[in-house]
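Q: The structure that follows is given in the form of structure tokens.
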Amino acid sequence: MKFLANIARKVLGRSNGQTTPAAAPEQATAAPQPGAKRVITHEQHNIDRRRLDENASKVVYRLTDAGHEGYLVGGCIRDLLMGQRPKDFDVATSAHPEEAHELFRRSRLIGRRFKLLHVRFGREIIEVATFRASHDQPENGAGDKGRQHESGLILRDNVYGTLAEDALRRDFTVNGLYYDLNDHSIIDFADGYEDLQNRTIRMIGEPDARYREDPVRMLRAARFAAKLEFEIEPATAAPINELAPLLRSIAPARLFDESLKLYQSGHAERVYHLMQQYNLFAQLFPQSAAAVKDPQGYPVEELILNALRNTDRRIRQRKSVTPAFLYAALLWYPMQIRMNELLQKEQLPPLQALHEAANEVIGKQVKSTAIPRRFSTPIREIWELQLRLPRRQGKRAERLMEHPRFRAAYDLLLLRENSGEQLDGLAQWWTDYQAANPVQRDHLQHRREHNDDPRKPRRRRRRPNRNHNKSDAPQATSNSRAES
Ligand code: ATP
Ligand code: MG
């Protein structure tokens with residue numbers, strides 16, 4: 001009993017805003033113990049209570065009213081402390097998923113590997129996770145609730161535990177902060193509060209082992225470092241390059257979801273650089289990474305970066321971004337390079353070569369990140385339209401504009417041109433054409449037929465009489481980059 005009481009005291013400590021007995025006054029300068037509890041009072045952290053999500057708070061109150069423990073946890077607390085708007089609010093509770101399920105009418109149990117409860121409020125979903133414990137202690141009675149492959153990979157993670165145990169099962173210290181709605185304090189078992197202040201991403205526990213348990217944590221490290229502009233602490237960063245290939249053991253559907261989180265984080269450009277630095281990009285996009293290394297004369301990396309900057313800008317403007325466009329851009333040059341090979345070696349007609357190359361490239365990509373059909377079909381259409389956009393004579397241009405994928409295809413064309421691909425002003429022509437009225441469109445068609453673009457100075461000098469009244473010239477509405 002005394003032993004248990006000691007452990008409990010060590011792990012749970014006192015709620016006094018100080019570290020636990022492990023950091024009693026005479027040891028105040030000692031390194032904090034992992035698992036030492038620290039409470040940060042509301043006065044200290046000063047999160048504006050109005051910024052807490054009402055529905056997530058309701059979930060916590062319902063759980064605590066029913067006698068369970070419940071906290072707001074994870075990214076929402078991290079982001080609020082950083083003055084950012086949380087993407088979602090997560091709840092951690094002592095209630096088992098089934099027990100929690102009974103408390104909420106509009107709730108659904110999800111996941112097998114990691115069981116969770118989703119509580120729905122209109123369009124908002126609050127994720128409720130039961131406290132997890134480590135698998136490797138027989139007294140936790142892991143049985144078939146927790147399974148780990150010999151590589152370290154966690155196959156099932158449904159061993160339940162206490163708040164203190166749960167804290168140490170989370171990935172990074174800054175993600176292990178719990179908000180207690182009783183007194184509006186923050187509970188911290190992993191010195192996440194301090195790391196947050198020092199802008200540091202630090203793995204809880206031993207980084208190598210924790211990445212082996214779940215390699216997706218490597219992607220998460222890059223995503224949070226990019227989003228928060230934090231440094232990945234050296235010991236946390238060190239194993240990533242070597243362990244990155246473990247991502248290949250992750251289900252492609254999960255990696256597709258992660259890829260969207262990475263690229264829709266609002267910091268996709270920074271994410272890309274970190275992913276390249278840590279050998280992560282090649283795991284998720286092996287064909288794109290190979291094309292960046294050997295671009296065969298194409299502006300491969302420029303196009304990727306431009307697409308990501310575009311996405312970041314759209315997210316800042318709260319506009320939607322479509323995964324199909326992003327994937328079409330990321331895989332465009334791998335597809336084009338393969339298409340060129342087919343054109344040269346097998347002498348296929350262009351459209352057939354494109355279809356064949358698209359099949360191959362998408363077929364390889366889905367081994368890394370599954371691409372649901374609702375996205376792979378538009379990707380193919382956006383690519384096919386790249387072949388059709390140069391053929392714009394007569395009524396074709398008008399017809400092309402009615403294609404449901406025209407806008408995305410034009411955006412890709414514009415990205416290609418802006419990235420440095422030689423397209424003889426084709427994207428600019430389309431920019432002008434879309435902005436033009438019917439009379440101006442006729443002029444544009446005329447200029448195209450006679451290859452008489454006023455922007456081409458040589459032609460203008462040779463045939464000045466064909467240079468139409470400049471005031472008739474269509475004005476480009478968008479002289480900037482495409483909007484995806
Ligand atoms: P965001 O919601 O902004 O993407 P987040 O940190 O809230 O970031 P979620 O995926 O919502 O990320 O997960 C909520 C919390 O669950 C995390 O903060 C972390 O504590 C824990 N968590 C999520 N994924 C993992 C993982 N793979 N390993 C360990 N803990 C995890
Ligand atoms: Mg979250």
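Q: If you roll a 1.4 angstrom probe over the protein chains with everything in place, what fraction of the accessible area of the range 364-413 belongs to carbon and sulfur, to the nearest %?
A: 48
Q: If you place +1 on the Cβ of every Lys and Arg and -1 on the Cβ of every Asp and Glu, how big does the dipole about the Cα centre of the range 223-343 come out, in debye to the nearest 20?
A: Computed about the Cα centre, the dipole is about 560 debye.
Q: Can I ask one more? Where the centre of each part is set by its Cα atoms, how far does the range 329-344 sit from the range 362-403, in angstrom?
A: If you average the Cα positions of each part, the centres end up 14 Å apart.
Q: With 18 Å as the cut-off, how large is the P(r) tail for the range 235-298, expressed as percent of Cα-Cα pairs?
A: More than 18 Å apart: 41 percent of the Cα pairs in the range 235-298.
Q: While we're on this one: Taking all protein chains as present, what is the carbon and sulfur share of the accessible area of the range 45-119, in % to the nearest whole number, probe 1.4 Å?
A: 42
Q: Can I ask one more? Which three lengths, in whole Å and largest first, does the range 61-204 cover when its Cα atoms are put on their principal axes?
A: 41, 38, 26
Q: Just to confirm my numbers, what's the Cα centroid distance between the range 146-172 and the range 34-105 in Å?
A: 20
Q: Sorted from largest to smallest, which semi-axis lengths in Å does the alpha carbon gyration tensor of the range 328-403 give for its equivalent ellipsoid, taking the root of 5 times each eigenvalue?
A: Values for the range 328-403, descending: 23, 18, 8 Å.
Q: Additional query: According to the Kirkwood expression over distinct Cα-Cα pairs, how big is the hydrodynamic radius of the range 350-442, in Å?
A: On the way: mean 1/r = 0.0691 Å⁻¹.
Roughly 14.5 Å, rounded to one decimal.
Q: Moving on. Have a look at Leu415, Ala427, Gln386 and report the one farthest towards the positive end of the charge dipole of the range 334-435, computed about the Cα centre with Cβ charges (Lys/Arg +1, Asp/Glu -1).
A: Gln386
Q: If you don't mind, another one. Calculate, in whole percent, how much of the Cα-Cα pair population of the range 51-130 lies beyond 22 Å.
A: Tail of P(r) above 22 Å: 19 percent of Cα pairs.
Q: Lys/Arg Cβ at +1, Asp/Glu Cβ at -1, dipole of the range 157-275 taken about the Cα centre: which of Ser259, Asn182, Phe230 is farthest positive-ward?
A: In the range 157-275, that residue is Ser259.
Q: Whole-Å semi-axes of the range 307-346's equivalent ellipsoid, largest first, each the root of 5 times a Cα gyration tensor eigenvalue?
A: Calculated on Cα positions only, the semi-axes equal 31, 8, 4 Å.
Q: Can you list the equivalent-ellipsoid semi-axes of the range 87-133, largest first and in whole Å, using the square root of 5 times each Cα gyration tensor eigenvalue? The partial results should precede the final answer.
A: Working: eigenvalues 52, 30, 19 Å².
Over the Cα atoms of the range 87-133, the ellipsoid semi-axes are 16, 12, 10 Å.
Q: Give a quick list of trypsin sites (Lys or Arg not before Pro) in the range 284-335 that DSSP marks as loop, anything other than H, G, I, E or B, with at most 14 other Cβ atoms within 10 Å.
A: Values: sites: Lys293, Arg309, Arg313, Arg314, Arg316, Arg318, Lys319; in loops: Arg318, Lys319.
Sparse-neighbourhood loop trypsin sites (Lys or Arg not before Pro): Arg318, Lys319.
Q: Can you tell me the mean projection area, over all orientations, of the convex hull of the range 211-360's alpha carbons? Units nm², please.
A: The number I arrive at for the range 211-360 is 9.7 nm².
Q: Run through the range 207-258 and list the GluC sites (Glu not before Pro) located in a DSSP loop whose Cβ has at most 13 other Cβ atoms within 10 Å.
A: Glu229
Q: Also: Return one whole number: the accessible area per residue of the range 182-236 in Å², for a 1.4 Å probe.
A: 35
Q: Right, another one. Taking square-rooted eigenvalues a ≥ b ≥ c of the alpha carbon gyration tensor, is the range 141-245 rounded, prolate or oblate, where a/c under 1.5 means rounded and, failing that, a/b exceeding b/c means prolate?
A: oblate
Q: Only four residue types carry charge here, +1 at the Cβ of Lys and Arg and -1 at the Cβ of Asp and Glu. Report the dipole size of the range 208-282 about the Cα centre in Debye, rounded to the nearest 20.
A: In debye, rounded to 20, the range 208-282 gives about 200.
Q: Given a 1.4 angstrom probe, I'd like the percentage of the accessible area of the range 205-328 that is carbon and sulfur, rounded to a whole number.
A: Using a 1.4 Å probe with all protein chains present, the range 205-328 comes out at 49 percent carbon and sulfur.
The values are calculated or read from the model by the stated rules, or taken from the named source; none is laboratory data. For clarity, every value in this text was computed on a predicted model and none was experimentally measured. All Cβ positions, even for glycine, are placed from backbone atoms using ideal geometry, and neighbour counts span all protein chains on display. The protein model used for the area step is the full one, side chains on, heavy atoms only, and it has no ligands, DNA or RNA in it. Shrake-Rupley method; radii C 1.70, N 1.55, O 1.52, S 1.80 Å.
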